[in-house]
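Rule-based calculations on the coordinates, nothing more; no lab input. Please read all numbers here as calculations on a predicted model, not as lab measurements. Cβ: placed from backbone, ideal geometry, glycine included. Neighbour counts: every protein chain shown.
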Amino acid sequence: MFLYCIANSSGQCKFGFSGEPQQRLRALQTGCAEELFLIESLSVPRDRVRELERELHREIGLHRRTRGEWFDIDAEKGANLLTWFGIHYDLS
């Protein structure tokens, strides 16, 4: 499983999980007028993926949430955040 960061051109990132991040990107793109980009993905243990996703959302902070799993974070910061998360939680 993977945690991923998908960004749009409006300066927002979606953080979620999927077994196939590229497929998830295509599924999200179908319902979105803006072009979406897979910015970063991080391999995580299947049995911890939901727990880690919740922790990632908590680390980002509720004040940055725009809707659901979308956050007011640009693509570069989103990639850096996911990389930091992997290092901080020793997921490499």
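Let's test the formula: R0 of 22 Å, r as the Cβ-Cβ distance of Leu91 and Ser10. What FRET efficiency results, to the nearest 0.05? Given R0 = 22 Å and the Cβ-Cβ separation, E is 0.15. Short to long, the 10 Å bins of the Cα pair-distance histogram for region 39-78 hold 25, 55, 21 percent of all pairs. Compared with the dominant Cα axis of the chain, that is its longest principal axis, helix 49-60 is turned about 70°.
With one equal scatterer per alpha carbon and no solvent term, the Debye-computed log10 I(q)/I(0) for the chain at 0.22, 0.26 1/Å reads -1.11, -1.51. Note on Cys32 and Glu20: the model spin-label points, each 7 Å out from Cα along the C-beta direction, lie 1.8 nm apart.
Based on the mean of other Cβ atoms within 10 Å per residue, sort peptides 13-20, 1-8 so the most packed one is first.
1-8, 13-20
Compared with the dominant principal axis of the Cα atoms in the chain, helix 75-88 is inclined by about 10°.
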